[in-house]
Amino acid sequence: MLLQESLQQPLSPLGSTPAGSDPLRISRVRTVPSPCLLQPFVSIYRPVRNMRNIMLQRGNPVGESSMNFSMWTILSCSRILSLNSKGPYTSMSYTGCAHYNRKATLLAPCCNQYFPCRFCHDQAMYDEAKDPKTAHTLDRHSVVTIKCMLCEKEQGAAQICTGCSATLGSYWCSICVLLDDEDKGQYHCASCGICRVGGRETNTHCDRCGICMKKEMIETHTCVANATRVDCPVCLESLHTSRTPLGFLPCGHSLHGTCLQAFLRSGETQCPLCKRSAMSSEQQDIVILMTDLDIEAAPMPEEYRMKRVQIRCYECRNESITPFHVFGLKCQKDSCGSYNTVKLGEAADAVTDASDEED
């Protein structure tokens with residue numbers, strides 16, 4: 001009754017209270033914009049009233065200050081509601097998780113539980129699963145039910161809540177069942193089959209690589225068929241569905257950007273997949289020149305100067321016979337000359353093996 005009467009009274013100026021009235025009167029909850037949010041306040045009126053009585057018994061120190069009682073009451077109610085919520089995602093202040101800013105949770109049909117997003121589901125049900133036999137991930141396209149976290153109404157996946165008419169996310173994709181209140185330039189790429197970020201106007205899809213990339217890269221990058229339809233060779237996480245920006249090596253293979261930086265900082269200079277150089281062509285030319293000078297300045301001892309070995313070059317994929325040197329084995333193809341090679345065996349052994357094959 002007290003709440004109903006208070007809602008019929010005209011609002012007082014912000015921060016002021018009518019003469020002779022209780023400054024902590026629950027009538028201040030009428031500033032809540034949506035009617036669907038009043039029910040939680042009604043259910044917690046008694047704790048708020050008890051707090052008011054305790055403060056009044058102590059001399060009502062709050063009433064003598066210039067504190068905004070309307071905001072104080074709302075914050076107090078919100079805090080109590082959060083502490084008495086039925087689960088970790090049922091607070092009125094819910095805005096999403098660490099991955100997405102939204103006002104709804106998803107019902108995972110695989111385990112019939114609500115999660116803030118598919119990444120939270122995969123973390124709980126796959127990364128942290130105690131039983132490997134039951135570990136699983138969530139197919140984003142299989143979600144058909146969501147729950148509004150403002151009115152807690154379960155409903156079909158949509159952008160507008162059917163219970164309180166709240167917008168659950170400013171971006172909505174009905175194919176991926178994706179809601180997000182943060183503007184990241186999201187768009188759905190039909191060729192990728194998922195939503196991407198960065199803006200459709202600045203990105204384009206490479207049909208051979210199977211991924212969207214910046215338009216300025218489309219003409220200069222090295223195409224590798226389905227380069228991103230594999231796991232990252234460093235962290236073994238998916239590249240195609242990753243939220244982390246990707247980095248491309250000169251050979252065309254890709255890694256997570258953060259994994260690529262850590263990989264290069266560790267001193268690695270080869271692609272972990274094909275062993276081609278991770279350096280640019282200009283850097284490779286400098287390495288070849290510096291190694292040539294080092295070999296010329298430090299010749300091998302007399303007993304090793306005539307030694308020859310058979311090598312395979314990772315850059316041009318050709319085999320050749322080259323002089324042995326501890327500083328490096330140079331590819332003898334005129335168009336290459338790289339030191340990014342691997343020793344196959346002694347030159348004499350290679351000739352013997354070749355003659356055996358001819359017989």
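Rule-based calculations on the coordinates, nothing more; no lab input. On a predicted model such as this, the values are computed, not experimentally measured, just so you know. Note: ideal-geometry Cβ built from the backbone for every residue, glycine included; neighbour counts use all protein chains shown.
General remarks:
- Equivalent ellipsoid, the stretch 215-300 (semi-axes from 5 times Cα gyration tensor eigenvalues, Å): 30, 15, 10
- What the pair-distance distribution of the stretch 102-241 shows, using all Cα-Cα distances binned every 5 Å from zero, is 2, 9, 15, 17, 18, 15, 11, 7, 3, 1, 0 percent.
- Each label was represented as a point 7 Å from its Cα along the Cα-to-Cβ direction; for V287 and L107 these points are 5.6 nm apart.
- Difference of contour (0.36 nm per residue) and Cα-Cα distance, I175 to A98: 25.5 nm
- Residues of type lysines that K214 reaches as a straight line, Cα spacing below 26 Å, ignoring anything fewer than 8 places off in the same chain: K184, K275
- Residues of the stretch 291-311 with amide N under 12 Å of a point placed 7 Å along Cα→Cβ from Q332: 307-311
- At an R0 of 35 angstrom, the distance between the Cβ atoms of C274 and E302 translates into a FRET efficiency of 0.40.
- Separation between Cα centres of the stretch 158-182 and the stretch 95-127, rounded to whole Å: 15
- Each listed q (0.25, 0.27 Å⁻¹) maps to a log10 I(q)/I(0) for the stretch 185-247, found by the Debye formula over equal Cα scatterers with no solvent: -1.21, -1.36.
- With R₀ set to 25 Å, the beta-carbon distance separating Y187 from T220 gives a calculated FRET efficiency near 0.60.
- FRET efficiency, H141 to E201 (Cβ-Cβ, R0 30 Å, nearest 0.05): 0.70
- Here each label is just a point 7 Å from Cα along the line to Cβ, and for F324 and Q159 those points are 7.1 nm apart.
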